[in-house]
1. Please enumerate the residues belonging to the stretch 57-86 that are closer than 17 Å to Arg306 by Cα and more than 16 Å from ligand 2 (Cβ to nearest atom).
2. Let me confirm something: among Asp60, Asp9, Asp28, which residue is of a type in the set (D, E, K, R) and touching a strand residue (DSSP E or B) at 6+ places or on another chain (Cβ under 8 Å)?
3. Could you count how many residues in the stretch 63-120 are open to solvent by 20 Å² or more (accessible area, probe 1.4 Å), part of a loop (DSSP other than H, G, I, E, B) and among the β-branched types (Val, Ile, Thr)?
4. So which residues in the stretch 228-262 are in a loop (DSSP other than H, G, I, E, B) and either in contact with a Cys (Cβ under 9 Å, 6 or more places away or on another chain) or hydrophobic (A, V, I, L, M, F, W, C) (or both)?
5. Mind checking which residues of the stretch 262-274 are within 11 Å of ligand 1 (Cβ to nearest atom) and among the small types (Gly, Ala, Ser)?
6. Is there a residue being in a helix (DSSP H, G or I), over 13 Å from Val285 (Cα atoms), touching an Asp or Glu at 6+ places or on another chain (Cβ under 7 Å) and open to solvent by less than 50 Å² (accessible area, probe 1.4 Å) anywhere in the stretch 40-58?
7. Test Tyr64 against the stated conditions and say whether it is away from ligand 3 (no atom under 14 Å from the Cβ) and in contact with a Ser or Thr (Cβ under 6 Å, 6 or more places away or on another chain).
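The values are calculated or read from the model by the stated rules, or taken from the named source; none is laboratory data. All values derive from a computational prediction rather than experimental measurement. Cβ atoms come from the backbone with ideal geometry, glycine included; neighbour counts cover every protein chain shown. Protein only, heavy atoms only, side chains kept; ligands, DNA and RNA dropped before computing areas. Shrake-Rupley method; radii C 1.70, N 1.55, O 1.52, S 1.80 Å.
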Amino acid sequence: MDYFSKMSDAEYNQFIEDIIQKKSLTDDDIRSMLSATDKAGLQRMFDAAVSVKNHYFGNDVYLYSFVYFSTYCKNQCTFCYYNAKNKIDRYRITPEELRTMCEELKNEGVHMIDLTMGEDPHFHNKPENLLEFVRIAKEVTGLPVMVSPGVVDNDFIQALSKEGANFFALYQETYQEELYEKLRAGQSFEERFQARLNAKAAGICIEDGILTGFSKMKLSNGEPVSPSVSDDIESAVASIRGMQKADPDQVRVMTFEPQPGTPLAGTTQASDLMELKVISVLRFVFPDRLIPASLDVAGIPGMVDRLNAGANVVTSIISADSKLEGVVNFDRDVSLNERKRDAKSVIEKLNEMGLARGSQENFEAYLNRNKSS
Ligand code: SAM
Ligand code: MD0
Ligand code: SF4
């Protein structure tokens, strides 16, 4: 029977209490949770995750605005639309355009600006170009800034820290190195891990993340990848353990969405259910950390499911009239004014759910929680 279905009410309450007391789960506990199929058991798992989240964060939800400022990239991640080999229209915004966008963003009610880019040499080879963007975003909005620049060296990270970057997002995607090789072909696993450690040592909050949904993964010649990397449950267990090593401030999971024109384009899209289960498990393993619900995977309906599974942050918020892209863009074909990924639509939905936008003060207290005063 499923992990949660078989529990008595007393055991269920004790489980929540244990997690709040930071009791750790075994790999087998996690396997059992992730293999749950029984509806009532699943609902109990999601509810337990929400109870743990409520203990640490109450009804507060934090909102990040997403600025994908350059879609040029030198890498060839097999899962990504912005893979250097993909023949797509790309853009890079100018500092003036960023300034105008930030003027609009500053009153929207988001807590942080996430500046994300492909590994664009224009910024990668000239840190000053990125530092200027961080400076503009901070100056104009007065808000904390997250950077998602890909792998950068320690000098670059030191400079970002000096410039006041608050969060460094860099997703390992998987801690199964064999799978990593298939996803981030030609990129060093260790350097990616190390960049995150460097950011942490420089006093910047760090986010790690994993992908799920590769069990039906096929390469463009139609061949399945080896079975040892195709089990989503084993993959999630290994990756959750991997993420624990650097003690991240924020952890995420996203469902892999096959992208047109990429080597994994022919792969069947997995359902979001595994992602929801992993969100709950992340809440049990990282009870007091930020866990996002990305609008990029399934929009506002998907956000509701993710918050109900234990997430407490909404990411990939894009202004109603923005022409910029997400990384996955479930709504790539939807006309811009129908996207509904703006802060106002998100806050309305939160309120309907009995949740609320958290205060800026609480959010910044979280960012500073490891700094001695
Ligand atoms: N270029 C930088 C990097 O790779 O670290 C930052 C941006 S990258 C586009 C952000 C993340 O989006 C990736 O690390 C990956 O987790 C996620 N992502 C990209 N393509 C995806 C896809 N097709 N399905 C799900 N997630 C995807
Ligand atoms: C998101 N599209 O939050 C963004 C992206 C990068 N820091 C975040 C994956 O879904
Ligand atoms: Fe480039 Fe990042 Fe996409 Fe990889 S995931 S191709 S590094 S934009």
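1. Within the stretch 57-86, the first condition is being closer than 17 Å to Arg306 by Cα, and the residues that meet it are 57-64.
Correct list: Phe57, Gly58, Asn59, Asp60.
2. On the way: Asp9 fails: touching a strand residue (DSSP E or B) at 6+ places or on another chain (Cβ under 8 Å); Asp28 fails: touching a strand residue (DSSP E or B) at 6+ places or on another chain (Cβ under 8 Å).
From the options Asp60, Asp9, Asp28, the qualifying one is Asp60.
3. Within the stretch 63-120, residues that are open to solvent by 20 Å² or more (accessible area, probe 1.4 Å), part of a loop (DSSP other than H, G, I, E, B) and among the β-branched types (Val, Ile, Thr) number 2.
4. Ala246, Pro248, Asp249, Phe256, Gln259, Thr262
5. Once the filter is applied, which keeps residues that are within 11 Å of ligand 1 (Cβ to nearest atom) and among the small types (Gly, Ala, Ser), the stretch 262-274 yields Ala265, Ala270.
6. yes
7. Values: away from ligand 3 (no atom under 14 Å from the Cβ): yes; in contact with a Ser or Thr (Cβ under 6 Å, 6 or more places away or on another chain): yes.
Answer is yes for this residue.
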